[in-house]
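Take a look at the structure set out below.
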Amino acid sequence: MAARVAAVRTAAWLLLGAATGLTRGPAGAFTAARSDAGIRAMCSEIILRQEVLKDGFHRDILIKVKFGESIEDLHTCRLLIKQDIPAGLYVDPYELASLRERNITEAVMVSENFDIEAPNYLSKESEVLIYARRDSQCIDCFQAFLPVHCRYHRPHSEDGEASIVVNNPDLLMFCDQAGSRRMIRFRFDSFDKTIEFPILKCWAHSEVAAPCALENEDICQWNKMKYKSVYKNVILQVPVGLTVHTSLVCSVTLLITILCSTLILVAVFKYGHFSL
């Protein structure tokens with residue numbers, strides 16, 4: 001019964017949209033195009049800044065998103081960041097769970113069946129969803145935080161560093177003026193009056209299905225937003241071994257292993273108590 005009601009409702013919306021399009025005609029379409037162009041001209045750019053904090057094998061990715069001071073009703077919108085993690089990095093799901101419990105960040109792994117201890121050349125890319133939070137120091141800003149860790153790489157013949165490129169993320173936005181929890185948002189267009197957020201009309205170019213929030217399993221249709229990035233990509237430099245040191249490392253490792261094993265055996269026979 002619910003499926004039939006949903007089907008009838010969807011058909012009604014389609015018929016209403018078709019009827020509206022016929023009513024408006026070329027003049028209505030031209031007016032709508034001029035209106036869209038006017039709104040886009042008044043829109044401020046969305047600026048995304050992605051940077052990496054700390055050095056070594058354990059880093060933090062900090063993402064800041066600034067809308068414009070002219071953005072209205074931003075308090076009704078939510079921001080979701082879909083970040084691709086390259087094979088040279090990994091995110092620890094247990095660490096994310098701990099950070100969520102302490103209310104430090106809201107991030108969840110999307111990819112499954114991956115090994116956090118595998119080296120770079122045996123790993124695959126993964127994906128993380130981060131629910132951005134509002135910046136207390138900026139009224140029209142969001143920020144997100146994600147800890148990442150570098151994987152071990154194959155030794156190089158010359159350079160002692162490996163480069164890892166972290167691409168800019170996808171920026172998803174969901175705005176609900178009425179505050180309802182409908183899973184799919186419809187566009188109401190009647191008599192040249194559109195109930196829609198200007199920010200979405202300016203920069204949204206497609207829809208992506210994703211969880212509405214971290215604490216539930218409801219699926220919402222998020223708008224994928226266009227933005228201007230401060231940096232094209234973020235590049236991490238990871239220290240790696242040199243192949244010319246292979247013989248030296250293996251020899252020293254073998255000698256230390258033999259020495260430690262000998263000391264353990266001597267201590268066992270000297271201080272151990274054996275009973276037959």
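If you go through segment 83-138 and pick out every residue that is touching a helix residue (DSSP H, G or I) at 6+ places or on another chain (Cβ under 9 Å) and of a type in the set (S, T, N, Q), you end up with 1. Contact map, segment 96-111: first residue within 15 Å of Glu215 (Cβ to Cβ), second residue assigned to a loop (DSSP other than H, G, I, E, B), Cβ cut-off under 6 Å, separation 6 or more or different chains; pairs are Leu99/Thr105; Glu106/Leu214.
Restricting attention to segment 220-242, the residues that are within 17 Å of the chain's Cα centre (by Cα) and not in a loop (DSSP other than H, G, I, E, B) add up to 11.
Since every read-out is calculated from the coordinates, none of them should be taken as a lab result. Predicted model only: the values in this text are computed from it and were never measured. With ideal geometry, Cβ positions are generated from the backbone for all residues, glycine too; neighbour counts draw on all protein chains shown.
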